[in-house]
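Structure, as structure tokens:
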Amino acid sequence: MPVSDPLIISEPQQLTADLVHLSTIIDSTIPGWTRQALTEADVVGRHWVRARMAEAGLETRIDGAGNVIGVLRGTAPGASSIMTGSHTDTVEGGGRYDGNVGVAAALEVVRTLRANGIELRHDLIVVDFFSEEPNRFGISCVGSRAMTGQISTEDMDRVDSEGVRFGDELSRVGVVPEALLSARFDTNRVKAFVELHIEQGPHLEEQGSDIGLVTSITGIKRFRVAFQGQPDHAGTTPMNRRRDAGCAAAGSVLAIERIASANVDGRGTTGLITFSPDAVNIVTESSELWGEFRSPDLDWLHAAGNKFHAAVHSEGASRSVDVELEWLPSEQPAVMDNRFIDISSREADRLGLTQSRLYSGAEHDAAILAKKIPTAMIFVPSKDGRSHCPDEFTAEKDIHSGANVLLNTIITLDRELDFD
Ligand code: HGY
Ligand code: MN
Ligand code: MN
């Protein structure tokens with residue numbers, strides 16, 4: 001097979017313009033760039049993405065799980081597909097690049113293929129996955145889980161701290177739970193998934209690499225802990241007569257830090273904590289804590305979970321505080337496909353880009369899809385390793401380099417791998 005020069009994306013300014021436009025569809029009452037799933041801004045954003053897909057020449061639809069899908073038909077009727085994409089929902093007060101880069105770059109890949117008259121043999125499916133970031137019901141990657149049958153009826157019954165049911169909240173934004181649960185793809189027909197994403201950490205910048213090739217994606221164990229003590233007067237109740245739920249929660253926060261710090265790849269975070277009542281002169285009656293452990297090592301994650309279970313019960317028992325520990329939907333570490341990594345590596349070389357291999361400490365739809373479909377991820381550097389904050393930044397030239405690697409990886413996958 002003749003090896004031609006790598007293709008270069010045709011309209012990098014369009015890719016940049018798409019990112020700029022997406023950054024205007026936000027909840028402007030919150031500092032940073034906020035387009036959280038289950039909000040109006042997210043609905044508007046995803047419809048805008050669908051319109052851009054149609055302009056790029058894709059057949060578009062929104063599936064039962066809220067995923068925005070565009071298909072560029074291949075030349076071999078009935079051939080299996082290659083999939084790419086990412087997400088456009090953000091965390092609260094997040095940045096402009098997390099997820100958005102992978103969706104905007106996928107659109108530019110399609111425009112470039114068409115502008116150069118290149119027809120793939122396989123269908124190319126571009127997806128803006130619904131609700132990638134963890135929501136207040138403790139569920140992340142909702143769209144990719146639905147697409148691959150990794151979400152259940154029980155998940156629809158999860159409630160937030162106000163008692164609102166997840167299934168009801170989905171319906172409010174037009175995603176019908178029954179349709180979500182049956183939005184499953186025939187994953188045997190999708191032979192490759194490739195996602196471009198910002199690194200969200202400092203490794204590439206430290207290494208001076210243009211491109212990151214992901215070897216595996218971290219596993220995650222998320223939890224919610226409810227502590228139930230007793231409200232008492234803050235001045236008259238001796239310290240040894242208290243059932244202080246706040247202190248049990250505080251001890252558990254420090255246990256998370258202690259457990260995770262004991263391992264170089266261990267991560268432990270308390271993301272949310274509440275005390276009730278909300279008063280300076282009442283001993284805390286109840287407290288709720290949400291957090292997570294992460295590691296690429298499944299055995300470490302299990303061990304961290306066991307240590308945390310022991311720690312929260314000991315923090316409660318020593319204060320006569322009742323403890324309820326709930327494990328939320330978690331994710332096992334995901335391994336990327338070595339053949340695909342090698343193809344992206346070759347393409348990065350041909351494009352004259354420097355590269356490193358690394359594991360991802362961030363979660364991605366790719367981790368969900370990798371459980372069913374051979375998958376690869378391409379990273380581009382994040383300034384100062386910052387992400388999930390308004391300062392998140394990736395230089396335009398790095399995004400364009402990443403889009404070029406994505407483009408040529410897809411072309412090579414289409415040509416080299418025998419999918420059928
Ligand atoms: O939470 C994560 O790691 C990802 O950014 N959703
Ligand atoms: Mn994120
Ligand atoms: Mn992301």
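We did not get these values from a lab; they are worked out from the coordinates using the rules stated. None of the values given here were measured: they were computed from a predicted structure. No Cβ is skipped: glycine too gets one built from the backbone with ideal geometry, and neighbour counts run over all protein chains shown.
State to the nearest 20 debye the size of the charge dipole of the chain about its Cα centre, where the only charges are +1 on K and R beta carbons and -1 on D and E beta carbons. Please list the in-between numbers first.
Working: 39 positive and 62 negative charges, 79 e Å.
Once rounded to the nearest 20, the dipole reads 380 debye.
Under 9 Å from the Cβ of A146, count the other residues' Cβ atoms, weight Lys and Arg +1, Asp and Glu -1, and hand me the total.
Working: positive: R145, R184; negative: D63.
Neighbourhood net charge equals +1.
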To the nearest Å, what is the center-to-center distance of region 263-342 and region 34-96, using C-alpha atoms only? 32 Å
Net lengthening on full extension, D265/A54 (0.36 nm per residue, minus Cα-Cα): 71.7 nm
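Relative to the Cα centre, what is the charge dipole magnitude of region 220-327, using +1 at the beta carbon of each Lys and Arg, -1 at the beta carbon of each Asp and Glu, and rounding to the nearest 20 debye?
Details: 11 positive and 14 negative charges, 35 e Å.
That gives region 220-327 a dipole magnitude of about 160 debye.
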Any idea which of I273, V225, V321 is furthest toward the positive side of the dipole for region 220-327, if Lys and Arg beta-carbons carry +1 and Asp and Glu beta-carbons -1? V321
Relative to the chain, whose Cα atoms define the longest principal axis, helix 245-261 and its Cα axis are tilted in degrees, nearest 10, by 40 degrees
With unit charges on the beta carbon (Lys/Arg positive, Asp/Glu negative), name the residue among G78, G57, N67 whose Cα is farthest towards the positive pole of the charge dipole of the chain. G78
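Quick check on the chain: of the DSSP beta bridges with both residues there, what percent are antiparallel, nearest 5%? The partial results should precede the final answer.
Numbers: 42 of 64 bridges.
Expressed as a percentage, antiparallel bridges in the chain total about 65.
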If packing is taken as the average count of other Cβ atoms within 10 Å, what order do 88-99, 148-159 fall into, highest mean first? 88-99, 148-159
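Taking only the C-alpha atoms, wrap a convex hull around region 241-301 and report its volume per residue in Å³ as a whole number.
89 Å³
Of the listed pairs K307/K371; K307/K372; K221/K371; K191/K371, which have alpha-carbon separations greater than 24 Å here? Please report the intermediate quantities before stating the final value.
On the way: K307/K371 27 Å; K307/K372 31 Å; K221/K371 17 Å; K191/K371 12 Å.
Those over the limit are K307/K371; K307/K372.
Treat region 278-336 as a sphere of radius equal to its Kirkwood radius over Cα pairs and apply Stokes-Einstein at 10 °C in a medium of 1.306 mPa s; give the translational diffusion coefficient in µm²/s, rounded to a whole number. Please report the intermediate quantities before stating the final value.
Numbers: Rh = 13.9 Å.
Estimated via Stokes-Einstein, D reaches 114 µm²/s.
Which order do the peptides 12-18, 69-75 take when ranked by the mean count of other beta-carbon atoms within 10 Å per residue, highest first? All intermediate terms of the calculation are to be shown ahead of the outcome.
Details: 12-18: 17.0, 69-75: 19.0.
Highest to lowest by the protection proxy: 69-75, 12-18.
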Please compute the net charge surrounding R224, taking Lys and Arg as +1 and Asp and Glu as -1 over other residues with Cβ under 9 Å from its Cβ. -2
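Explain nothing, just the number: relative contact order of region 266-420, from Cα pairs under 8 Å at least 6 residues apart, as a whole percent. Numbers along the way, then the final one.
On the way: 128 pairs, mean separation 26.9, N = 155.
Dividing the mean separation by the residue count of region 266-420 yields 17 percent.
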Could you tell me the center-to-center distance, by alpha carbons, between region 348-420 and region 179-220 in angstrom? 7 Å
What relative contact order, as a whole-number percentage, does the chain give when Cα pairs under 8 Å and 6 or more residues apart are counted? 22 percent
Mind giving me the nanometre distance, one decimal, between the label points for L272 and D299, set 7 Å out from Cα along Cα→Cβ? 3.5 nm
Expressed in nm², what is the orientationally averaged projection area of the convex hull enclosing the Cα positions of region 123-168? 3.7 nm²
The summed charge of the L22 Cβ neighbourhood (under 12 Å; Lys/Arg +1, Asp/Glu -1) stands at -1
Starting from the 7 Å offset along Cα-to-Cβ, what nm value, one decimal, do you get for the label separation of R415 and N281? 7.8 nm
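Normalized C-alpha radius of gyration of the chain, against 2.2 N^0.38 Å?
My calculation over the Cα atoms of the chain gives 1.04.
Taking the mean number of other Cβ atoms within 10 Å as a proxy for protection, how do you rank 210-223, 48-61, 362-375 from highest to lowest?
Values: 210-223: 22.6, 48-61: 17.6, 362-375: 24.2.
My ranking of the peptides, most packed first, is 362-375, 210-223, 48-61.
Could you list the square roots of 5 times each eigenvalue of the Cα gyration tensor of region 216-334, that is, the equivalent ellipsoid semi-axes, sorted largest first and rounded to whole Å? Please report the intermediate quantities before stating the final value.
On the way: eigenvalues 185, 30, 23 Å².
Rounded to whole Å, the semi-axes are 30, 12, 11.
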